[in-house]
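Chemist: I'd like to ask some things about the structure below.
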Amino acid sequence: MTTAEKLYEGKAKIIYATDNEQIYLTYYKDDATAFNAKKKGTIVDKGIVNCAIASALLQLLESKGIPTHFIEKKSQREMLVKAVKIIPLEVVVRNIAAGSLCRETGLSEGEKLPSPLVEFYLKNDDLNDPLLTPDRISLLNVATEEQIKELQTLARKINEYLREFFQNCDIILVDFKLEFGLDKEGTILLADEISPDTCRLWDILEQDKQKRVMDKDRFRKDLGEVESAYQKVQQRVLAQTEKLKNS
Ligand code: UDP
């Protein structure tokens, strides 16, 4: 398969067309951004690490019956995916209070939520990805009521599978962001990536509040040792994936 034109370049990935119009090629970059791209930098080999982690996690979810865009890991930084039209929503699932939830509600970081929270943000950098209400979703026509219900159900299921998987990696899945797309038939597929860029992950084996951070908060908050934290996540995710394959 030959790669053709660049369709879209995002903060962490480039999407290329292929000679099959139903298939895109995703290239994972090392570029890192935070605070709506106000902070920019590079995390060495992040593209390789995130491509490996996202491939493993999307495959895991697919094996559990979650429809995803994943087709095949093509190289260290490249993944073949089904062509979808991204729904302009960031679906955030939270198990433990952190980040914007703490800033906006006064909950303390680390507080366990009574049940997982599923939230919808508008995917729009110019507007700073605002939190949406059900009425605003319907006003903006970003998704139908039925699609929103399906996204909530999928997000909750994905959370259950990922939370258990990460628990077995000695990692707490604090919160994460998902993106979904529609294929040609209008079927909702889980798209984008799941990686330390898009999840908050805390090391169960570390008590120290800074040392336990294994995700992009190390970059956001200048905690140092970003690369080694991402690599540790990769090692544990791949080891657990192998374990599941052999069981
Ligand atoms: N997140 C993301 N992309 C975004 C916004 C959030 O991947 O544009 C992830 C983030 O890494 C975290 C979760 O979604 O795992 C919740 O983020 P939050 O709303 O707390 O925002 P933040 O505090 O990062 O601004």
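The values are calculated or read from the model by the stated rules, or taken from the named source; none is laboratory data. It should be emphasised that the depicted structure is a prediction, and the values quoted were computed from it without experimental measurement. Positions of Cβ are backbone-derived with ideal geometry, glycine not excepted, and every protein chain shown enters the neighbour counts. Keep in mind that these areas ignore ligands, DNA and RNA; they rest on the heavy atoms of the full protein, side chains included. Shrake-Rupley method; radii C 1.70, N 1.55, O 1.52, S 1.80 Å.
Chemist: Nearest 20 debye, what's the magnitude of the dipole of the stretch 130-247 about its Cα centre given +1 on Lys and Arg Cβ and -1 on Asp and Glu Cβ?
Modeler: Here the stretch 130-247 has a charge dipole of around 300 debye.
Chemist: So for the stretch 107-198, averaging the separation of alpha carbon pairs under 8 Å that are six or more residues apart and normalising by length, what relative contact order in percent results?
Modeler: Relative contact order, the stretch 107-198: 14 percent.
Chemist: Follow-up question, since we're still on this one. Which order do the peptides 121-130, 56-65 come out in when sorted by mean C-beta neighbours inside 10 angstrom, highest first?
Modeler: 56-65, 121-130
Chemist: Could you check how much of the accessible area of the stretch 48-151 is carbon and sulfur, as a whole percent, using a 1.4 Å probe?
Modeler: 50
Chemist: Just want the answer: with Cβ charges of +1 for Lys and Arg and -1 for Asp and Glu, which residue in Ile66, Tyr161, Ile148 is farthest toward the dipole's positive end in the chain?
Modeler: Sorting the options by dipole projection puts first Tyr161.
Chemist: Label points 7 Å out from Cα along the Cβ direction at Ser138 and Glu160: separation in nm?
Modeler: 2.8
Chemist: Find the accessible area per residue for the chain; the probe is 1.4 Å, ligands and nucleic acids are left out, and the unit is Å².
Modeler: 51
Chemist: Now for a separate question. For the stretch 165-229, with all protein chains present and a 1.4 Å probe, just round the carbon and sulfur fraction of the accessible area to a whole percent.
Modeler: Reported share for carbon and sulfur atoms: 42 percent.
Chemist: Rounded, prolate or oblate: which one fits the chain, using the alpha carbon gyration tensor with axes a ≥ b ≥ c (rounded when a/c is under 1.5, else prolate when a/b beats b/c, else oblate)?
Modeler: Taking the square roots of the gyration eigenvalues as a ≥ b ≥ c, the chain is rounded.
Chemist: Taking a ≥ b ≥ c as the square roots of the eigenvalues of the Cα gyration tensor of the stretch 65-134, is the shape rounded (a/c under 1.5), prolate (a/b larger than b/c) or oblate?
Modeler: Judged from the Cα gyration tensor, the stretch 65-134 comes out prolate (a/c at least 1.5, a/b above b/c).
Chemist: Of the peptides 194-206, 91-103, how do they stack up when ordered by the mean number of other Cβ atoms within 10 Å, highest first?
Modeler: With the highest mean Cβ count within 10 Å placed first, the list reads 194-206, 91-103.
Chemist: With contacts defined as alpha carbon pairs under 8 Å and 6 or more residues apart, what's the relative contact order of the stretch 46-117 in percent?
Modeler: RCO, the stretch 46-117: 21 percent.
Chemist: Okay, moving on. Under unit Cβ charges (Lys, Arg +1; Asp, Glu -1), what dipole magnitude, rounded to 20 debye, does the chain have relative to its Cα centre?
Modeler: Around 440 debye, computed over the chain.
Chemist: What residue among Tyr16, Ala229, Thr187 has its Cα farthest toward the positive end of the dipole of the chain, where the charges are +1 on Lys, Arg and -1 on Asp, Glu, each on the Cβ?
Modeler: With unit charges placed on the Cβ atoms, the residue in question is Ala229.
Chemist: With a ≥ b ≥ c the root eigenvalues of the C-alpha gyration tensor of the stretch 37-184, is it rounded (a/c under 1.5), prolate (a/b larger than b/c) or oblate?
Modeler: rounded
Chemist: Let me ask something else about it. If you add up the charges near Ile86, with Lys and Arg at +1 and Asp and Glu at -1, over every other residue whose beta carbon is less than 11 angstrom from its beta carbon, what do you get?
Modeler: -1
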